[in-house]
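Scroll down for the structure; my scribbles are underneath it.
The values are calculated or read from the model by the stated rules, or taken from the named source; none is laboratory data. Bear in mind the structure is a predicted one, so any value in this text is a computation, not a measurement. Glycine gets a Cβ as well: all are built from the backbone with ideal geometry, and neighbour counts include every protein chain shown.
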Amino acid sequence: MSVTWALPFEKKINPKSNKLVSINTYKEIHSQSVKEYKQFWASVASELEWFKPWEKIIDDSNPPFYKWFVGGELNASYLTVDRHAKSWRKNKVAIIWEGEPVDQNGNPTEVKKLTYYDLFREVNRTAYLLREKYGLRKGDAVTIYLPMIPELPIFMLALARIGVVFSVVFSGFSADALATRIDDAQAKMLITADGGWRRGKVVPLKDIADKALEKVSTIKDVIVVRRVGNKVNMIEGRDKYYDEVMKDVPIDVYVEPERMKSEDPLYILYTSGTTGKPKGIVHDTGGYMTLLHATMRWVFDVRDDDIYWCTADIGWVTGHSYIVFGPLQEGVTEIMYEGALDWPQPDRWVSIIERYGITILYTSPTAIRSFMKYGDEWIKKHKVNTVRIMHSVGEPINPEAFEWFFKLVGREEIPFGSTWWMTETGGIMISHLPGLYLIPLKPGTNAMPILGVEADVVDENGNPTKPEERGYLVIKNPWPGMPLTIHRDPERYIKVYWSKFPGMFYAGDYAVRDSDGYFWILGRADEVIKVAGHRLGTYELESAIIEHPAVAESAVVGIPDPVKGEVPVAFIILKQGYTPSKELMDDILKTVRDKVGPIATLGGVYFVSKLPKTRSGKIMRRVVRAVITNQPVGDVTTLEDEASVDEVRKAYEEFK
Ligand code: ATP
Ligand code: MG
C-alpha cells in the first residue's frame, strides 16, 4: 500500500528568466559535469586568484579526508578584499550596515557604509594589531563572540589574512555554550563586544563572556569592541578595548597575506545543534572559496549593480558563506543588518528591502512563516519590486509559505528557490541556478543538485530509490567545500557522515525525488515517523497542516503507540486573529487526513504560542518529543527560549 503523495508535484511555475531550460537539458549538462567532476571543479577554481597553482586537483588517497587543489596557495582575505581594493571596485560600497535602533518614526538611526577600500584598510590594520601586538600566528585559534556589527567580518578577514583559524560563536549563545566552544577550539584569544542590540534591549555580551571565561583556561587575551557603551568589567592585563589598542596602528599599514595552502583550515564552526550535540566542522581554504565562487554566480547570479541581502546571522554557516566570504569575493554590495527582522514592527525587513532597493534576497522559512503570521498588510505597505531573485535556506519550505512569499514579494514571476545545504557542505548543494540554467519552479522543492555534485536518494541498503520513493539523502562524490574533519574528533567525522553508506556522504536528511527528478527534503532522517509500517517525513505532515488557513507554523513528532508503532502529534501556532478551539482542532485533523491520507491521522493537536527552536530559528522536534515522552532533552545549548519547552509540556498535559 502506498501513501498518496501530498505535495503539489505537478505544479510547475515558469518564472521570467532568460536562463530557463528544460529539465532534460539541465540533466544532460549536470551529468556531464559530474562524470568529470575533478576537471569540472578545477575549471571553476581556476577563476580564483591563486598565489601558486595547485599540483593535484584532489588528493583522495585517504578517504574520507579529501584534500582539494593540493599544492595550491591562496588567501581568503586577499580574495575578498585586496583584489577589489586594487581594482575599479576600490570605491564601491562593500557593506551597507544598518543598526537596529530606530527613531520615533521607525527610521534607523545608524547606517554605515564601507567601501572595498575601507574594508581593505580596516582588515589590514586589524591584522597588524593581531599579528604585531598580540603575536598571533598561523596555527593559533581565536574565538569571536560579536553581534552583527562591521567589526565581525573585519576580524574574520583579518584573522584569515594572517592564517589564524577562527571560530565564530553566535552572539545569542549563553556562557556555557560559549565556554564549550572556546574549549573545543582551544582558542588563545576572545574577541567580543560590550554588548549588542536585540529587540531594543542590550544583550550584555561582555558579562556573558566573563562567565564563560571562568570556565576555560586557554584564553590569554580579550579584545572588546564598544558597541552599546554600557559599563563592563575589564580585567587588567587581559581585557582591552578595540578602539584603544587600535589607536597606535597607523592608517596605512599593509600586512602581507599569509600564503595558505589550499587545504589549510580557514575556520571551525559548530552546527546548529538541532539534532544533538553540535559538531565543530573544520573548513579548508581553497575548496571552500571555490564552492562559494560557483554558487554566488549560479544560485544568486550576482552582478555589479546588485544590492544583495542575506538575512542570516554571521554566527551561522549561512552568514559565513553568504554574508562574508561568498559575496565579498564576488565584489558585491550587500546589506548587513544588526537586529531582529520584525523589530520594532513586523515590517522592519520589508522596509530594508525598500530603503536600499534590494535585488537579491536570501532568507529562511522560519522568517517567512513569521511574516505570514503577521499578515499581508505589512508587506503591501512597501515597494518590493526591486527584488529579482530570492532563495530560502535552513529548513524545508512548506508549499503554503512558498506560495505566499512568491506572490507577495516574488510577484509570481521571479526565481525563488529553497537551497539545500548544511554547515558541513560549506555551501549550497541542491538548488535552482537562476544565474546559469534555470528549470521550472515547484512550490517547496529544492530542485536539483548543482553542477559537479552528485546527490542521490538511497534506501536502507544504499541503493538508489525509484522516483517518488522516499529514502536518505547522500552525496556521492567529493566536492570542494567539504569538511576537512570534525575538530579534534576525526572518528566522529567518519562515524556520522561516512559510515552508514560506504563511500557516500550521509547528510542525515530524509528525502524523495519526484518523477521529474526534483529533490525534496522531507525532514531529518531520525525524525521520520513510522506509522503502521509507513514512513512519513515531518515536512509532509507539517506542510499539510500549514495549508489550514488558521495555522502559521507547526511541529510534528511521532510518539509511541501500542498498535501503530508511532502516531504523529502536532504542536501548532495559530495566525494572528485565531483562537484555539475544539472545532479548529477537528478541522485541522480533517485537513491533514484529506491531504495526506488516513495514515496521517494525527494522534493529537496542541496549540502553543511558541515552539522550541534553535537560535537560528529551526524547529527542535527532538526537544518536543523528549518533553512529551518524558525523556531527557539532551543538549539544549542552542535552544532559543526555554519558555517554549514549558509551553509544549503544559499544552500536552492539559489536553492529554
Ligand atoms: P545539527 O547538525 O547540530 O543537528 P543542523 O543540522 O540544524 O544542526 P545546520 O548545518 O545549520 O545544522 O543545518 C543543516 C540542515 O538544515 C540540513 O541537514 C537540513 O536538514 C536543513 N536544511 C537546510 N536547508 C534546507 C532546505 N533548503 N530545505 C530543507 N532542509 C534544509
Ligand atoms: Mg546537521
task: Restricting attention to region 86-145, report how many residues are small (G, A, S), over 26 Å from the mean Cα position of the chain (by Cα) and closer than 20 Å to G357 by Cα.
output: 1
field: Selected residue (criterion: surrounded by the fewest Cβ atoms within 10 Å (Cβ to Cβ)) from residues of region 479-535 that are of a type in the set (F, W, Y), more than 17 Å from E469 (Cα to Cα) and away from ligand 2 (no atom under 16 Å from the Cβ)
entry: F501
message: I'm told K56 meets every condition in (1) in contact with a Gly (Cβ under 8 Å, 6 or more places away or on another chain); (2) surrounded by 12 or more Cβ atoms within 10 Å (Cβ to Cβ); (3) in contact (Cβ under 8 Å) with a residue 40 or more places away in the chain except one. Can you identify the failing condition by its number?
response: (3)
message: Please go through region 255-273 and give me each residue that is surrounded by 13 or more Cβ atoms within 10 Å (Cβ to Cβ) and in a loop (DSSP other than H, G, I, E, B), ordered by number.
response: V255, P257, E258, R259, S262, E263, D264, P265, L266, T271, S272, G273
- request: Please indicate, with yes or no, whether at least one residue in region 391-400 is more than 20 Å from the chain's Cα centre (by Cα), more than 16 Å from ligand 1 (Cβ to nearest atom) and either surrounded by fewer than 24 Cβ atoms within 10 Å (Cβ to Cβ) or modelled with pLDDT under 95 (or both).
  value: no
- request: Pick out the one residue from V457, V453 that is touching a residue at least 40 places away in the same chain (Cβ under 8 Å), in a strand (DSSP E or B) and not polar (S, T, N, Q).
  value: V457
field: Answer from T180, T218 - the residue that is surrounded by fewer than 24 Cβ atoms within 10 Å (Cβ to Cβ), of a type in the set (S, T, N, Q) and touching a Pro at 6+ places or on another chain (Cβ under 9 Å)
entry: T180
query: If you scan region 512-522, which residues turn out to be within 17 Å of D459 (Cβ to Cβ) and in contact with a Ser or Thr (Cβ under 6 Å, 6 or more places away or on another chain)?
result: W520
message: Consider region 84-102. How many of its residues are free of Cβ contacts under 8 Å to residues at least 60 places away in the same chain and buried (at least 19 other Cβ atoms within 10 Å of the Cβ)?
response: 1
task: Mind listing whichever residues of region 281-314 are over 17 Å from M429 (Cβ atoms), more than 15 Å from the chain's Cα centre (by Cα) and either within 16 Å of ligand 1 (Cβ to nearest atom) or not in a loop (DSSP other than H, G, I, E, B) (or both)?
output: V282, G286, I307, Y308
- line: Here the residues within region 577-616 that are free of Cβ contacts under 8 Å to residues at least 60 places away in the same chain, of a type in the set (G, A, S) and either surrounded by 15 or more Cβ atoms within 10 Å (Cβ to Cβ) or assigned to a helix (DSSP H, G or I) (or both) are G603, G604
statement: Of those in region 1-26 that are of a type in the set (D, E, K, R) and either exposed (fewer than 15 other Cβ atoms within 10 Å of the Cβ) or part of a strand (DSSP E or B) (or both), the residue modelled with the highest pLDDT is K16
